[in-house]
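Asker: Here you go, one structure.
The values are calculated or read from the model by the stated rules, or taken from the named source; none is laboratory data. Source: prediction; values computed, not measured. Every residue, glycine among them, receives a Cβ derived from its backbone with ideal geometry; neighbour counts consider all protein chains shown.
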Amino acid sequence: MPEPVKRRAFEPFFSAKGEKGLGLGLAVVYGVMARHGGEAAIESAPGRGTTVALRIPPAGEAPEAPPEERAEVLVVDDDEGVLTAVADVLRSAGYAVTVAPSGLDAIARVRERQGRFDLVVTDLAMPDVSGWEVVEAVKGRDAATPVVIMSGFDRARATRRAKELGVDLVLGKPFDIQDFLNTVRGLLAGRKRS
């Protein structure tokens, strides 16, 4: 693969395959490796092939948080591939993840839940109800709950509306997995579970 493609190969939603590729495979691999203290590296040259090398540390080097300390994250997206990939990355980082395949499902999960989620990550454009309505339901339940919006649309316009609703971050697709995980850790740092 050419150098510009190689540099972005681990980014979620980046694909050199056009409409056929979701850009999630290597992103998930990278997230799993990072969670376990491992490394993933790519060697590639146009016309010569590509090798993805994985270094996995011995068992026990990357301790997992006890279940009672694991933050609970709600991930909302109507695209099954995106939903699965984001949930897998968060699970591989040690978080307890609940998935919602639609905005209506997410709102129902927020309302029926005892207590609150520690973090909500939602897509913006969904066919039943928008991410904005999910945000309103989450913030209406507990205004302090951190919310991250993922959007493939105009990030500047989404950011303006997000500020009005108290959204903590708008991520443009594609995004870097390690930056995403660092953001999640930052939003959850010091939060007390209710």
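Asker: Out of the residues in region 145-166 that are outside any strand (DSSP E or B) and in contact (Cβ under 8 Å) with a residue 40 or more places away in the chain, which is nearest to ARG109 (Cα to Cα)?
Answerer: PRO146
Asker: With the condition kept exactly as written, say whether any residue in region 105-117 is surrounded by 17 or more Cβ atoms within 10 Å (Cβ to Cβ), part of a helix (DSSP H, G or I) and modelled with pLDDT under 90.
Answerer: No, region 105-117 contains no residue that is surrounded by 17 or more Cβ atoms within 10 Å (Cβ to Cβ), part of a helix (DSSP H, G or I) and modelled with pLDDT under 90.
Asker: Could you pull out every one of the helices (runs of 4 or more DSSP H) wholly within region 1-101 that has 2 or more residues that are within 15 Å of the chain's Cα centre (by Cα) and modelled with pLDDT under 85?
Answerer: Where helices (runs of 4 or more DSSP H) fall fully within region 1-101 and carry at least 2 residues being within 15 Å of the chain's Cα centre (by Cα) and modelled with pLDDT under 85, they are 25-35, 80-92.
Asker: Given the options THR145, THR183, name the one that is hydroxyl-bearing (Ser, Thr, Tyr), more than 18 Å from LEU83 (Cβ to Cβ) and modelled with pLDDT of 90 or more.
Answerer: THR145
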